[in-house]
Amino acid sequence: MKGRAFTADEVFDGWQLWPHAVVVVDEQGYILQFIAHPDDRQRREAVYFPGLLCPGFINVHCHTELSYLKDRIPRRTGLVDFILKLMEMRNDQAFSCDVKQQAISLADQQMQQEGIVAVGDIVNTLDSLPIKQSTPLHYHHFVECMGVPETLAQQRLSQALKLAAEWKTHTVFPATLTPHAPYSVSDTLLSYIASQHPSLISMHNQESEAENAWFVFGHGPMQRLYDSLGIAPHAAAGCGITSLRHVLPFFTMPPSPPATPPSLILVHNTFTPETDIAWAVTEFQNPIYWCLCPKANLYIEGRLPPVKALMAYASDMIVIGTDSLASNDTLSILEEMKCLQQHFPFIELESLLRWATWNGARALHCESWLGSFTPGKRPGVVHISAIDHRRFSASSNARRIA
Ligand SMILES: [Zn+2]
């Protein structure tokens, strides 16, 4: 057999598990062949790994630039206090550029070791630029726009466009504008972002009960956020509909030709009502991906998203992210899958692996070269150990082998 051949108890090709299948890669890691039903000779010639093999993981949501904030923010404070603490930390001059870049570099290396091959990375700065110029990982940079006062909209858009241009000039990776969250972006700024026709949007969505309460009723803990920041609250307060229903139409209005509507990645969805999921799925043409970051949800709110409802309406569109080390102790897709399996035992291993590989690759628009063991792609080969009856065990590890 030409190339290097690998086999395991089960091999996941991006869509399903195949017992004792063989995957063959060349020296550069390009897939030469996927043999679902190998003969005895093909199996003997392959290097065997106990457990399973799968394509490299896609971490759809991360903020690598916050890696220096690991263990700095208390757990389970709720989103408003988390954000206030985060902003305080970000303004703390005690963290030098060196400290930040060392933390980002370490995060990037750990993601590589854990089998991650691509990352959807939210950026507000150029802090991670030196690391991105030499990393073997693929990144999609989401340049985050934020600003509640309507009068700031033009300025915030210009800043974001400038930052996106820097990213595109100095790295090989795509960079697109994206709103931070419904409660932190004015309607004017939302329409400005939409007018740039970004191909891909990744927005924090319904991460707290407070977010919906603000939009539906116009009161609740969000008021404290606006007061603490010394700004007038978001003008959509009390509009009678959830934040998702308020925001989605900005990106689903018919764009002027020849642009096509953007793909949307909605991140967290911890408090998304089932009726909102059904509405979003049936109402719009845009591909809408639902990104789960369960460990960050437990860290910040102590709650988990409505996974059963998401699976009922949009199983093909579920993806996984780690969020940042400010709200997580690892940047590991395997640990996120373990967390999901533990809290939602009905999720099958194949579903989790599909969310972590093929779905994630589609969400970040890199499915032509990542996400499955298709000949010609270079998705990475990951070994996961200690699988017990198609379930991860506490000691399961992920390691990149090609
Ligand atoms: Zn985030």
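Computed from the coordinates by the stated procedures, all read-outs in this text should not be read as laboratory data. The shown structure was predicted, so the numbers you read here are calculated from the model rather than taken from an experiment. Methodologically, a virtual Cβ is constructed for each residue, glycine included, from the backbone with ideal geometry; neighbour enumeration extends over all protein chains shown.
For the ranges 277-288, 349-360, what's the packing order if you count other beta-carbon atoms within 10 Å of each residue, average per peptide, and put the highest first? Please list the in-between numbers first.
Working: 277-288: 15.8, 349-360: 25.2.
Packing order, densest peptide first, comes out as 349-360, 277-288.
Quick check: from the Cα gyration tensor, does the range 259-308 come out rounded (a/c under 1.5), prolate or oblate? List each step's numbers first, then the result.
Numbers: a/c = 3.68, a/b = 1.81, b/c = 2.03.
Oblate is the answer for the range 259-308, as a/c is 1.5 or above yet b/c matches or exceeds a/b.
From the C-alpha coordinates alone, can you work out the Kirkwood hydrodynamic radius of the range 262-402, in Å? Numbers along the way, then the final one.
Numbers: mean 1/r = 0.0634 Å⁻¹.
Evaluated over the range 262-402, this radius sits at 15.8 Å.
Over 29 Å between Cα atoms: which of K85/K168; K132/K308; K132/K295; K132/K162; K100/K168 fall into that group?
Numbers: K85/K168 31 Å; K132/K308 36 Å; K132/K295 25 Å; K132/K162 18 Å; K100/K168 21 Å.
Among K85/K168; K132/K308; K132/K295; K132/K162; K100/K168, the Cα-Cα distance tops 29 Å for K85/K168; K132/K308.
Determine the relative contact order of the range 55-163: mean sequence separation of Cα pairs under 8 Å and six or more apart, normalised by residue count, in whole percent.
Numbers: 114 pairs, mean separation 35.4, N = 109.
In percent, rounded to a whole number, it is 33.
Compute the angle between helix 97-113 and the longest alpha-carbon principal axis of the chain, please, reported from 0 to 90 degrees and rounded to the nearest 10.
Approximately 40 degrees, to the nearest ten.
Beta carbons within 10 angstrom, averaged per residue: use that to sort the peptides 135-146, 161-172, highest first. Don't skip to the end; give the middle numbers.
Details: 135-146: 21.8, 161-172: 15.1.
With the highest mean Cβ count within 10 Å placed first, the list reads 135-146, 161-172.
Which value, in debye to the nearest 20, describes the size of the charge dipole of the range 212-356 about its Cα centre when Lys and Arg Cβ atoms bear +1, Asp and Glu Cβ atoms bear -1, and nothing else is charged?
On the way: 7 positive and 12 negative charges, 39 e Å.
Here the range 212-356 has a charge dipole of around 180 debye.
Set the Förster distance to 41 Å, then compute FRET efficiency between A278 and V172 from the Cβ-Cβ distance, nearest 0.05.
According to the calculation, E is roughly 0.55.
Considering the chain, what Rg and Dmax in Å follow from its alpha-carbon atoms?
21.1, 71
Just want the answer: with Cβ charges of +1 for Lys and Arg and -1 for Asp and Glu, which residue in M337, L292, I231 is farthest toward the dipole's positive end in the chain?
Going by the Cα projections, it comes out as M337.
At 20 °C and 1.002 mPa s, what whole-number value in µm²/s does Stokes-Einstein give for the translational diffusion of the range 1-156, with Rh from the Kirkwood sum over Cα pairs?
Working: Rh = 19.0 Å.
Roughly 113 µm²/s, to the nearest whole number.
What full-extension length gain, to one decimal in nm, is calculated for D227 and A312 as 0.36 nm per residue of separation minus the Cα-Cα distance?
Details: separation 85, 0.36 × 85 = 30.60 nm, distance 3.90 nm.
Extra length available between D227 and A312 comes to 26.7 nm.
Points 7 angstrom from Cα along the Cβ direction at L161 and R303: gap in nanometres?
Spacing of the two 7 Å Cα→Cβ label points: 3.8 nm.
Taking the Cα centre of the chain as origin and charging only Cβ (+1 Lys, Arg; -1 Asp, Glu), how large is the dipole, in debye to the nearest 20? Please list the in-between numbers first.
Values: 30 positive and 39 negative charges, 100 e Å.
Roughly 480 debye, rounded to the nearest 20.
Full extension from N286 to K2: what is 0.36 nm times the residue separation minus their Cα-Cα distance, to one decimal in nm? Walk me through the numbers before you get to the answer.
On the way: separation 284, 0.36 × 284 = 102.24 nm, distance 4.21 nm.
Roughly 98.0 nm would be gained on extension.
What is the magnitude of the charge dipole of the range 87-242 about its Cα centre, with +1 placed on the Cβ of each Lys and Arg, -1 on the Cβ of each Asp and Glu, and no other charges, expressed in debye to the nearest 20?
Numbers: 7 positive and 15 negative charges, 76 e Å.
Magnitude of the dipole: close to 360 debye.
With an 8 Å cut-off on Cα pairs and a minimum separation of 6 or more residues, tell me the relative contact order of the chain in percent.
Values: 874 pairs, mean separation 90.1, N = 402.
The value is 22 percent.
Take L84 and Q28, extend 7 Å from each Cα along the Cα→Cβ direction, and tell me the distance between the two endpoints in nm.
5.4
Going by average Cβ neighbours within 10 Å, how do the peptides 195-202, 388-395, 241-248, 266-273 rank, with the highest at the top?
On the way: 195-202: 18.9, 388-395: 12.1, 241-248: 22.0, 266-273: 24.4.
Packing proxy ranking, top to bottom: 266-273, 241-248, 195-202, 388-395.
Nearest 10 degrees, 0 to 90: what angle lies between the long axis of helix 274-283 and the longest principal axis of the chain (Cα atoms)?
Around 80 degrees separate the two axes.
Please figure out what share of the DSSP beta bridges in the chain is antiparallel and state it in percent, rounded to the nearest 5.
Antiparallel: roughly 35 percent of the beta bridges in the chain.
Once the other residues with Cβ under 13 Å from the Cβ of D13 are scored (Lys, Arg +1; Asp, Glu -1), what is the net sum? Mind showing how you got there, number by number?
Numbers: positive: R354, K377; negative: E10, E350.
Computed value for this residue: 0.
Of T125, T275, T178, which is the most mobile in a GNM of the chain whose springs link Cα atoms less than 10 angstrom apart?
Judging by the Gaussian network model, the answer is T275.
Can you give me the Cα centroid spacing of the range 132-208 and the range 308-364 in angstrom?
If we compute the Cα centre of each part, the gap is 24 Å.
Between R41 and D71, what is the label-to-label distance in nm when each label sits 7 Å out along the Cα-to-Cβ direction?
Computed distance between label sites R41 and D71 equals 5.6 nm.
On full extension of the chain, what length is gained from A386 through Y48, given 0.36 nm per residue of separation minus the C-alpha to C-alpha distance? Please report the intermediate quantities before stating the final value.
On the way: separation 338, 0.36 × 338 = 121.68 nm, distance 1.40 nm.
Stretched out fully, the A386 to Y48 stretch lengthens by 120.3 nm.
Would you mind calculating the relative contact order of the range 110-169 from Cα pairs under 8 angstrom and at least 6 residues apart, reporting the percent as a whole number?
Values: 49 pairs, mean separation 20.3, N = 60.
With pairs under 8 Å counted, the relative contact order is 34 percent.
Between the helical axis of 153-170 and the dominant principal axis of the chain, each derived from Cα atoms, what acute angle in degrees is found, rounded to the nearest 10?
30
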